[in-house]
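Take a look at the structure set out below.
The values are calculated or read from the model by the stated rules, or taken from the named source; none is laboratory data. Since the structure is predicted, the reported quantities are computational estimates derived from the model, not experimental observations. Here the Cβ positions follow ideal geometry from the backbone for every residue, glycine too, while neighbour counts run over all protein chains shown. Just the protein is used for accessible areas: all its heavy atoms, side chains included, with ligands, DNA and RNA removed. Shrake-Rupley method; radii C 1.70, N 1.55, O 1.52, S 1.80 Å.
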Amino acid sequence: MTNQLLLNIDAGTIDWSRAQFALTAIYHWLFVPLTLGLALIMGIAETVWYRTRDTFWRDAAKFWQKLFGVNFAMGVATGIILEFEFGTNWSNYSWFVGDIFGAPLAIEGIVAFFMESTFVAVMFFGWKKVSAGFHLASTWLTGLGATISAWWILVANAWMQYPVGCVFNPDTMRNEMTSFLDVALSPFAVGKFCHTVTSAWIIGAVFVVAVSSWYLWKKREVKLATKSIRIAAVVGLIASFAAALTGHVSGQQVAKYQPMKLAAMEALYNGGTDQGLTAIAWVSPFEQPKYQRDAEAPLKIDMPYALSIMATDNPHGYVPGINDLLNGYTTPDGHVEPSINEKIERGKKAITALADYRKAKKDGADEATLTPLLSTLKENMPYFGYGYIKDKNDVVPFIPINFWAFRVMVGMGCLFILFFAVIILLSFKIPYLSVITRRLIAAVGLLPETETDSYDMASLPAWHYWLAIILLPLAYIASESGWLVAEFGRQPWTIQDMMPTWVAVSDLQSNSVMLTFIIFLVLFTVLLGVEISILLKQIKKGPDIN
């Protein structure tokens, strides 16, 4: 680890390794949320069949399971490559924390993936071979396996953002796990899992509404479409509210453990008490703002006290800005946070103490010599990663991506709440409330007036269906935006405060990484094209009616 200070790793290798991992993760996340979302929809459809024995619901479940299967296979292919990249492109990281990071990934592969792979076979091929109850259980267990798989992957990711349950061993030069439960059940992991899964349910719901809207536009499979839209709308609305709630919890965790990420998300240059949540401001998407010079982003409009409430549950709570975090600050309750330069100095002390300890031990030094070195190392270990930082501004992530991606995610989330709520009010016969809603919508010209209890979802103007279809790519953009905030916001850290990216990367030739990046780009694009093509063919074919 200490020898990394002496390595002259090509900057191109770092950039291309980051780009390749980002490429793989982005493509992988195109498949995962639809897998988790469709698992819930198809489970509900089959449960209704099991209770009613109406063959329509069996055919509906089979149809959504077919689309689930296509997407599931593509997700597996990209996920395997993603995990292998930790060993090929990020070998220093894997070696340094493999004992901790490898545990949840191993459990995911051995338990969760095995579970979903086993029951997915029963789900697809066991309709006439096992009992209805066992098949229903297999369908739900397939979805549960996919969700558990997501849990362990998110545990690994959350540990990188908030490393807990470990201690650094200077003799082995590795971080070693001290508490598996602390790693598996950290507040960051729980919050990230809940927010990620509920956002995946939104994508599944939007997908079902989009496919059903296409059928309604084509005047096909009307019963399947209208019934599926109702299920998806209920799932989507509940998931949208749940995502908003879990997002608030995640925001509080970011404020506590990754304040620089929060400051970048808000373009908050100078913090303080009574902070407002920025609704909009002009942050150039192409260059880092002059945060050291400007008091705040220009044209800023905020919601008074909202950021303090989100971060601290107190309208008068203190929220540090980028400059506060760079230069150090003292909170109203007396907590003193050192500057980045102080952290850099303490990190260098930790690195020096570690090097001196290992040399002294190799030379056969006695306990009296080793103890002070270990004491210095332990005292400064929380700032170990800062010892590799050359300039304090290196710890500031790229503000434009964080600022705009966060607003895209939140804005789309609000849109989906409205979208699903309108569908529910229009498609279900809700006395009085539906009448008022219809009249309000008709008043602004979005729908024609009607005297019936509810609109016929199969006879709306065509643009309503196209609007629902257009929302599908927007749902993916919102989901990917959330991951951009999560990952760009913690830069330059591979492990928060412990290991910067340029220390974690493998010592490879940049040309080699660039070549594999191009190969993966072509491969993943082909896979995505193949999946979309197969999905479209299955959607055009429609459900198999037995």
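If we keep just the residues of the range 465-482 that are crowded, with 18+ Cβ neighbours inside 10 Å and at pLDDT below 90, which is nearest to the chain's Cα centre (by Cα)?
Ranking the candidates gives Ala468 first.
Go through the range 485-500 and count every residue that is in contact with a helix residue (DSSP H, G or I) (Cβ under 6 Å, 6 or more places away or on another chain) and surrounded by fewer than 21 Cβ atoms within 10 Å (Cβ to Cβ).
Of the residues in that region, 4 qualify.
With respect to the numbered conditions (1) at pLDDT 90 or above; (2) of a type in the set (Val, Ile, Thr); (3) under 25 Å from Pro33 (Cβ atoms), which one is the sole condition not fulfilled by Ile424?
The number of the failed condition is (1).
Scan the range 126-138 and give yes if some residue there is assigned to a helix (DSSP H, G or I), touching an Asp or Glu at 6+ places or on another chain (Cβ under 8 Å) and under 21 Å from Gly204 (Cβ atoms), otherwise no.
Here is the first cut: in the range 126-138, the residues assigned to a helix (DSSP H, G or I) are 132-138.
After this cut, where a residue has to be touching an Asp or Glu at 6+ places or on another chain (Cβ under 8 Å) as well, the list is 135-136.
When the remaining residues are screened for being under 21 Å from Gly204 (Cβ atoms), the result is 135-136.
The answer is yes, given that some residue of the range 126-138 is assigned to a helix (DSSP H, G or I), touching an Asp or Glu at 6+ places or on another chain (Cβ under 8 Å) and under 21 Å from Gly204 (Cβ atoms).
Looking at (1) under 23 Å from His316 (Cβ atoms); (2) hydrophobic (A, V, I, L, M, F, W, C); (3) assigned to a helix (DSSP H, G or I), find the lone condition where Phe241 falls short.
Exception for Phe241: condition (1).
Would you point out which residue out of Ala279, Ala295 is more than 26 Å from the chain's Cα centre (by Cα), of a type in the set (A, V, I, L, M, F, W, C) and open to solvent by 30 Å² or more (accessible area, probe 1.4 Å)?
On the way: Ala279 fails: more than 26 Å from the chain's Cα centre (by Cα).
Being more than 26 Å from the chain's Cα centre (by Cα), of a type in the set (A, V, I, L, M, F, W, C) and open to solvent by 30 Å² or more (accessible area, probe 1.4 Å) holds for just one of Ala279, Ala295, which is Ala295.
Can you tell which of Val130, Val155, Val120 is open to solvent by less than 10 Å² (accessible area, probe 1.4 Å) and either among the aliphatic types (A, V, I, L, M) or out of contact with any helix residue (DSSP H, G or I) (no Cβ under 9 Å at 6 or more places or on another chain) (or both)?
Details: Val130 fails: open to solvent by less than 10 Å² (accessible area, probe 1.4 Å); Val120 fails: open to solvent by less than 10 Å² (accessible area, probe 1.4 Å).
Sole residue among the options that is open to solvent by less than 10 Å² (accessible area, probe 1.4 Å) and either among the aliphatic types (A, V, I, L, M) or out of contact with any helix residue (DSSP H, G or I) (no Cβ under 9 Å at 6 or more places or on another chain) (or both): Val155.
Do we have Thr147 as over 13 Å from the mean Cα position of the chain (by Cα), surrounded by fewer than 17 Cβ atoms within 10 Å (Cβ to Cβ) and among the hydroxyl-bearing types (Ser, Thr, Tyr) here? Don't jump to the end; show me each part of the working.
Values: over 13 Å from the mean Cα position of the chain (by Cα): yes; surrounded by fewer than 17 Cβ atoms within 10 Å (Cβ to Cβ): no; among the hydroxyl-bearing types (Ser, Thr, Tyr): yes.
Against the criterion (over 13 Å from the mean Cα position of the chain (by Cα), surrounded by fewer than 17 Cβ atoms within 10 Å (Cβ to Cβ) and among the hydroxyl-bearing types (Ser, Thr, Tyr)), Thr147 does not qualify.
Return only the number of the condition from (1) assigned to a helix (DSSP H, G or I); (2) within 28 Å of Gly328 (Cβ to Cβ); (3) open to solvent by 10 Å² or more (accessible area, probe 1.4 Å) that Asn270 does not satisfy.
(1)
Mind telling me which of the residues Ile309, Ile401 ends up being open to solvent by 70 Å² or more (accessible area, probe 1.4 Å), closer than 25 Å to Val485 by Cβ and outside any loop (DSSP other than H, G, I, E, B)? Steps first, please.
Numbers: Ile401 fails: open to solvent by 70 Å² or more (accessible area, probe 1.4 Å).
After applying the criteria, what remains is Ile309.
Do the conditions hold for Trp49, that is, is it within 23 Å of Ser228 (Cβ to Cβ) and touching a Lys or Arg at 6+ places or on another chain (Cβ under 6 Å)?
Taking the combined requirement at face value, the residue satisfies it.
Could you list all residues from the range 384-419 that are of a type in the set (Asp, Glu) and in contact with a strand residue (DSSP E or B) (Cβ under 9 Å, 6 or more places away or on another chain)?
We begin by selecting, within the range 384-419, every residue of a type in the set (Asp, Glu); these are 391, 394.
Across the range 384-419, the qualifying residue is only Asp394.
Output the residues belonging to the range 489-526 that are closer than 19 Å to Tyr476 by Cα and either modelled with pLDDT under 90 or not aliphatic (A, V, I, L, M) (or both).
Of the residues in the range 489-526, the ones closer than 19 Å to Tyr476 by Cα are 521, 524-526.
Hits for the range 489-526 are Phe524, Thr525.
Would you check which residues across the range 61-98 are open to solvent by less than 10 Å² (accessible area, probe 1.4 Å), over 30 Å from Glu176 (Cα atoms) and more than 19 Å from the chain's Cα centre (by Cα) and list them?
Ala61, Phe63, Trp64, Gln65, Leu67, Phe68
For a quick check of your reading of the model, give me the residue pairs whose first member lies in the range 504-523 and is under 11 Å from Thr13 (Cα atoms), whose second is open to solvent by less than 70 Å² (accessible area, probe 1.4 Å) and part of a loop (DSSP other than H, G, I, E, B), with beta-carbon atoms closer than 8 Å and at least 6 apart or on different chains.
Pairs found: Val505/Ile9; Val505/Asn89; Val505/Trp90; Ser506/Asn89; Ser506/Trp90; Asp507/Ile9; Leu508/Asn89; Val513/Asn89.
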